[in-house]
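Bear in mind these aren't lab numbers, they're just calculated from the coordinates by the rules spelled out. Predicted model only: the values in this text are computed from it and were never measured. Reconstructed Cβ throughout: ideal geometry from the backbone, glycine too, with neighbour counts over all protein chains shown.
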Amino acid sequence: MNLMKAGCFPLFLCLWLLVLLAPPAHGAATVSTPHATVTLLSEQPQAAPGQTLWLGLRFELIPHWHVYWRNPGASGAAPVVRWMLPEGWTAGDLHWPVPQRIPVGPLTNYGYAEAVTLLVPVRIPEGPLPSGPLTLTADAEWLVCQVECIPESGRFTLELPHPGSLTGNPETQRLFAAARAQWPEADRVTGRYRLAGDARTLTLEAPGLAVDDRAEVWFAAYEWGPVDPSGAQSRQPAAAGLALRVPAGDLPPTGAVPLDGLVVVETPNGSAPARRGYAVRLEAQPAATGASETLGLLAALGFAFLGGLILNVMPCVLPVLGIKVLGFVREAGANHRRRVGHGLSYGAGILLSFLALAAALLLLRASGAALGWGFQLQSPVLVALLAYLMLLVGLNLSGVFTVGAGLMGAGQALTAGSGLFNTFATGVLAAVVASPCTAPFMGTALGFALTRPASEALAVFLALGVGFALPVALLSLWPAQVRWLPKPGPWMKRFQQALAFPLYATAAWLLWVLSQQTDARAYGAALAGLVVVALAAWLYGQWPPRGWRLGLLGAAVTVALLLLLRPVAGPDGAAPARADSERLAWSEARVRELTAAGRPVFVNFTAAWCITCQVNERVALATENTQRRFADRAVAYLVADWTRRDPVIARQLERHGRSGVPLYLWYAPGSETPVVLPPLLTEGIVAEVLQSL
Amino acid sequence: MLQSFLRFVLIAFVLHAGSAVAAPRVGEPAPDFTGVDTQGKTHQLADYRGKAVVLEWTNHDCPYVRKHYGAGNLQEQQREAAAQGVIWLSVISSAPGQQGHVSPAEADELTRSRKAAPHAVLLDPEGRIGRAYGAKTTPHMYIIDEAGKLVYMGGIDSLATADPADIPKATQYVRVALKERAAGQPISAPVTRPYGCSVKY
């Protein structure tokens, strides 16, 4: 290494000067340097008018040295070629094979080791060629590096036609074919990128790019600046295709500039990985979409907590809360510790349910299912079973039957017993019925959870559960608050009976949801199931069975329901079309068509089971005023109905940082990037957006 | 109530992000450092508060560094900077055994033989300063203003070649930035592509 410091300086300089000063006087097809043998090749031995002639510059390098890709990475320089061609001939861009990553200490470069052939198409004009041999000349400069770097250059000339050969040289043909085989895939993939709020990381998404989980994947931008080539990149969970988190470079992309580059997929294959490249164009995801990436973990936890609090007052939770409050009234005389126990077990029930739900969601996500929040309610069977459960609890509250040490199911045991397990089960039930109520804050927080590592996703769900459990848990822990609750008395019976009606209402709502999901036959069967459940409850209430009788009743109900729900479970209980001429069904193609035609477009992502959606439609969208405004401005109103599972819609939701409905998108005329409206709509908000026309 | 909660969340988030260790950003405080020069003298960035500081990563065997020293470009800019009262620190982050690693005496000899005029040459064989600044190439240039804020990072000029003949044709980013600062104007190109050999950490 001392040689490096002193003696080598002149040696390097000499080599360098040798290369610089001694390009072959009138040029040759090959230039040799101490590190590289570089040859200019022509695919065809002669030129023809109107032809695209492919030329190639082939680098053969000594071991451990490399030359660079179009973006050399953290350091280095790409080869540069200047062409001197016959009059009228034009050379296109260099075609770069997929590069490899070359680590240099903590830095990373992109380039090629051993050998690479850069091809360039040359357009030959129509009309007669000049007479005599044609001379093609290329001046090339390239940097060749191991750790040290040597700039080299050469002048290359080729004569066409090749003297003495009219057919292509098979070795040349092979090199050209090999070079083309290393090009990125012909079709460019499109996707999106988002810059994190702190401008330190970029999230890249290419939904159309399916990549094996075991493959190593990395992204290289075509230009210096947007991405730091040296930083670690990580695969992110994605509902579809590929998502990568990459460190931002010195000049992170700003505004709506697309990011062009290469996604390189390396699959283990013996000693050398098989490397495939995909040219990608990533469009900027507008900041206005509430991009989930810009939402930090803390903010997401905060939102999730708030969302949980709000869940308490959602219509599908209030009935259960009512039951819980009733439980407190019953227990008010009991001792403090018991109350605390109830509060804690209720909270534990909720938290465990949310965690289980999160774990299930993560598992499903891992298995590649394109699912979102509320997916439980997209299964018609589950909707029917929940309706039965609501009916049973309602009948119990109405006094049709009471539960002793009944084993018929958690739904019944819930309201009757006063043990800690019952409180726990109430928490579980509250969590289950809360899932469809995507409260305003929840969508974004859950969108965040879906795109994050499992630990962060679990934390978000936990925060959601804490927010949800807190009010009731506090009531139990804070005796002073319990004092506010009414004294027990005969009114309690009436109150309990009154509480049955929200549950009947919930059952009715669930059945309405079911009616949107199935055809008439399946719906009828599901309604018959209600009668079976009611009959069983009445039988149980009149002659409380014990032992084998109880087993028989349970078995009979189960068999009856299984038979009845079979058509409901059918894969295509054809969802009734909800779109008509005024409410066109949404599709990405239709949006593109309409925006291309200059029409303003309003997209309503909704589901029958989403109460927020229904309320928004009632108060803001289906109103006379809004309808008139839409008509006045020739707004195309598209409906994306998520009542049943639809992976295309799920992907679209995720793209906008949501994992559930509602989602409202507004495309101004001629604009391809939508504005995202808030999840709680008013006529005023819609009018304001339309004003911007 | 909701608003103040959101503000709290936002502030917490910003504080959280600020504590992360990362490459510097133009417009943010430049990472402080302590480095020893060829004379054994210690230089701390904070000592130069009130003066503009230029950091130049260098490696005398790198062809791109030789392009600029060979043509006298860097020496000229070092003298101009000194005349403006700007502190110019050359930093050598080559690890022992790597290209460009020099002893203090060799570094001084290089300064003498190349007629260079930096305020000091800092020896950073462990790459501490280099990593703090995310220095990637030789040359890689940084300008820190009087308040300790990073105002420029990137290349020495705009033509990423090893050919000295390109120097007169190129925009000399550091010279332009120092001029613009002296004139009280915003720096027109605060972040550019650094080009050259990799820093030999």
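Rounded to two decimals, what ratio of Rg to Rh does chain B give with C-alpha atoms and a Kirkwood Rh?
Reported Rg/Rh (Cα atoms, Kirkwood Rh): 1.03.
Hey, how many Å between the Cα centroid of segment A:587-640 and the Cα centroid of segment B:54-120? With segment A:587-640 and segment B:54-120 each reduced to a Cα centre, they are spaced 65 Å. Largest first, the extents of the alpha carbon coordinates of segment A:584-691 on the three principal axes equal 34, 30, 21 Å. When +1 charges are put on Lys and Arg Cβ atoms and -1 charges on Asp and Glu Cβ atoms, the dipole computed for segment A:584-691 relative to its Cα centre reaches about 160 debye. Ignoring aspartates and glutamates fewer than eight residues from residue A:493 along the same chain, the ones with Cα atoms less than 16 angstrom from its Cα are A:331. Taking Cβ atoms as reference points and 13 Å as the exclusive limit, the residues near residue A:68 contribute a net charge of 0, counting Lys and Arg as +1 and Asp and Glu as -1. Extents of segment A:185-285, taken as max minus min of Cα coordinates on every principal axis and listed largest first, are 41, 25, 25 Å.
Averaged across the residues of A:143-150, what count of C-beta atoms belonging to other chains lies within 10 Å of each residue's C-beta?
On the way: counts 8, 0, 3, 1, 5, 10, 10, 3.
Across A:143-150, the average partner-chain Cβ count within 10 Å equals 5.
In summary, the convex hull built on the alpha carbon positions of segment B:86-186 has an orientation-averaged projected area of 7.5 nm².
Highest first, please rank the peptides A:386-396, B:126-136 by the mean number of other Cβ atoms sitting within 10 Å of their residues. Numbers along the way, then the final one.
On the way: A:386-396: 24.7, B:126-136: 20.7.
Output ranking for A:386-396, B:126-136: A:386-396, B:126-136.
Taking the Cα centre of segment A:131-247 as origin and assigning +1 to Lys and Arg Cβ atoms and -1 to Asp and Glu Cβ atoms, the resulting dipole is close to 400 debye. Note on chain B: helix-only mean residue ellipticity at 222 nm, from DSSP H runs of 4+ residues weighted -39500 (n - 2.57) and normalised by residue number, equals -9000 deg cm²/dmol. Given in Å, the Rg to one decimal and the Dmax to the nearest whole number for the Cα atoms of segment A:43-124 are 15.2, 51. Computed from the Cβ-Cβ distance with R0 of 41 Å, the FRET efficiency linking residue B:28 to residue A:188 stands at 0.70. Projecting the Cα positions of A:262, A:282, A:209 onto the charge dipole of segment A:185-285 (unit charges on Cβ atoms of Lys, Arg, Asp and Glu, taken about the Cα centre) puts A:209 furthest along the positive direction.
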